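Here is the structure we will look at, set down as structure tokens.
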Amino acid sequence: MRIAVIGSGYVGLVAATCFADSGNDVVCVDIDEAKVEGLKQGIIPIYEPGLEEMVERNTRVGRLSFTTNLAEAVKPAEVVFIAVGTPEGENGDADLQYVLAAARDIGRAIERYTVVVNKSTVPVGTADRVREEIAAVTRVEFDVVSNPEFLKEGAAIEDFVKPDRVVIGTNSERAREIMAELYAPFCRKSDRILFMDNRSAELTKYAANAMLATRISFMNEIARLCERVDADVDMVRQGIGSDSRIGLAFLYAGASFGGSCFPKDIKALYSTARENGLDFELLRAVTNVNAEQKRILLTKALRHFGNNIEGMTFGVWGLAFKPKTDDMREAPSIVLIEGLLGKGARVVAHDPVAHRTARKIFGDRIGYADTPYGAVEGVDALFLVTEWNEFRRPDFERMKRLMKQPVIFDGRNVFEPKKMRERGFTYYGIGRGRDA
Ligand SMILES: NC(=O)c1ccc[n+]([C@@H]2O[C@H](COP(=O)([O-])OP(=O)(O)OC[C@H]3O[C@@H](n4cnc5c(N)ncnc54)[C@H](O)[C@@H]3O)[C@@H](O)[C@H]2O)c1
């Protein structure tokens, strides 16, 4: 099949590459000239495990190419994916300007029946708006399909080629057949395609993210309670997660959720509800709990150091919003570091892949260490913010020798409180008993 993918970000680039890898001819489009120029030379703009090699392989055999010329990519395509950003707009709703601009350009370019697929996360009713935009500029036949993406950054390729499910919203039999054929290679073991109407598909994506975020905020509230009643949130997690009705996934308390999706998607869903006369109270609570949770490490540090950290130096392990990505959108590390700097402290950070992203945010206002140990030299305390695997088994004796004070604020409950105290650290986790 000939495919065009509009938008070469975390979703577009992964989808395009995986479709190319299953034998399709894919052209990936972006308006960012530097990004496209880099991609043409094999420079991948993001860190995603396995992606570079897969892009290289498919570009080499000519199944995957990159361009800034949308019309040229769209004209020969049978299926066109829209995978552009849908950032938070005014009042928390999703800003659809990039989706609608792409739709208009697609409408102007198509010359024969085309399936236009919304892969961006878009509010209920967007398929209708995209249909209107295209219909306003063409007489050519087309269908608009809603195909939200559920991949996780850090495991994007794995998720894309082995999806739990593929949600396809359409009422067109013709589009349905084409989409089924396109996704067949990824659903060989069992039929994982769920066909539904456009609106249900659009809502499914938001509902999934809202449910996952709710679980996290719920556990963070339980963690707060644990600190008051001297219980251990990790015991509670195992205790409830082993109930098959609840399950263990997404039950970790920690220093808040971030990323490009959860925060904005919850706000957009809340906004959709409000526009339709529903005050979705639960979502408001999820967002509020998370906002407070973003400040929890700084709050704990201020309490420990008697409210004065001016002139102190702090190490930060992990800048990306989660492991295995360089994405720092809405990362908890940003709130923590800005808070520390605002109180007159110095910060030295280490992240295995996110220094380039972090420099765009902090510039030279913080130090960047090449190794985890470089980020604990002479520090008054260490904050563990992202649970990269390499932080799980450090040389604690070496750390103690390097640190000015052996104090650790573990924002991901990576370490065992009792063991850490035995090792001679002053240790703070999230919800691990009464806070010291
Ligand atoms: N990142 C994720 O993990 C994830 C997962 C599931 C769904 N989503 C959703 O997918 C969508 C894309 O997210 P992302 O993280 O890939 O965004 P991104 O910001 O990484 O990439 C979007 C790309 O689209 C390009 N673009 C914007 N307008 C364009 C146009 N008119 N023509 C061509 N290119 C254009 C931008 O230059 C950018 O490179 C969003 O709606 C997001 O909510 C993201």
If we keep only residues of segment 310-320 that are part of a strand (DSSP E or B) and of a type outside the set (A, V, I, L, M), then the residue farthest from residue 394 (Cα to Cα) is 313
Does residue 49 satisfy the condition of being touching a helix residue (DSSP H, G or I) at 6+ places or on another chain (Cβ under 8 Å), more than 12 Å from the ligand (Cβ to nearest atom) and under 30 Å from residue 263 (Cα atoms)?
yes
I'm checking my understanding of the structure. Among residues of segment 91-106 that are hydrophobic (A, V, I, L, M, F, W, C) and in contact (Cβ under 8 Å) with a residue 40 or more places away in the chain, which one is nearest to the ligand (Cβ to nearest atom)?
102
Go through segment 195-215 and count every residue that is away from the ligand (no atom under 16 Å from the Cβ) and touching a helix residue (DSSP H, G or I) at 6+ places or on another chain (Cβ under 8 Å).
4
Residue satisfying all of: in segment 376-404; more than 22 Å from the chain's Cα centre (by Cα) and in a helix (DSSP H, G or I); farthest from residue 322 (Cα to Cα) among these
401
Check whether at least one residue in segment 66-85 is in contact (Cβ under 8 Å) with a residue 12 or more places away in the chain, away from the ligand (no atom under 13 Å from the Cβ), in a strand (DSSP E or B) and more than 24 Å from the chain's Cα centre (by Cα), and report yes or no.
yes
Could you count how many residues in segment 42-61 are without any contact (Cβ under 8 Å) to a residue 12 or more places away in the chain and either more than 22 Å from the chain's Cα centre (by Cα) or part of a helix (DSSP H, G or I) (or both)?
4
Which is more than 27 Å from the chain's Cα centre (by Cα), in a helix (DSSP H, G or I), surrounded by 14 or more Cβ atoms within 10 Å (Cβ to Cβ) and away from the ligand (no atom under 16 Å from the Cβ), of 222, 178?
178
Among all residue pairs at least 6 apart or on different chains, which show Cβ distances below 8 Å where the first residue, located in segment 269-286, is small (Gly, Ala, Ser) and the second is surrounded by 13 or more Cβ atoms within 10 Å (Cβ to Cβ)?
271/92; 271/93; 271/94; 271/123; 273/280; 273/283; 285/217
Test: residue 34 is over 24 Å from the mean Cα position of the chain (by Cα), over 20 Å from residue 148 (Cα atoms), within 11 Å of the ligand (Cβ to nearest atom) and assigned to a helix (DSSP H, G or I)
no
Of the residues 111, 88, which single one is within 13 Å of the ligand (Cβ to nearest atom) and surrounded by fewer than 24 Cβ atoms within 10 Å (Cβ to Cβ)?
88
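Throughout, read-outs are computed from the coordinates displayed, never taken from laboratory work. Keep in mind that this is a model prediction, so the values were computed, not measured. Note that we place each Cβ from the backbone using ideal geometry, even for glycine, and neighbour counts take in every protein chain shown.
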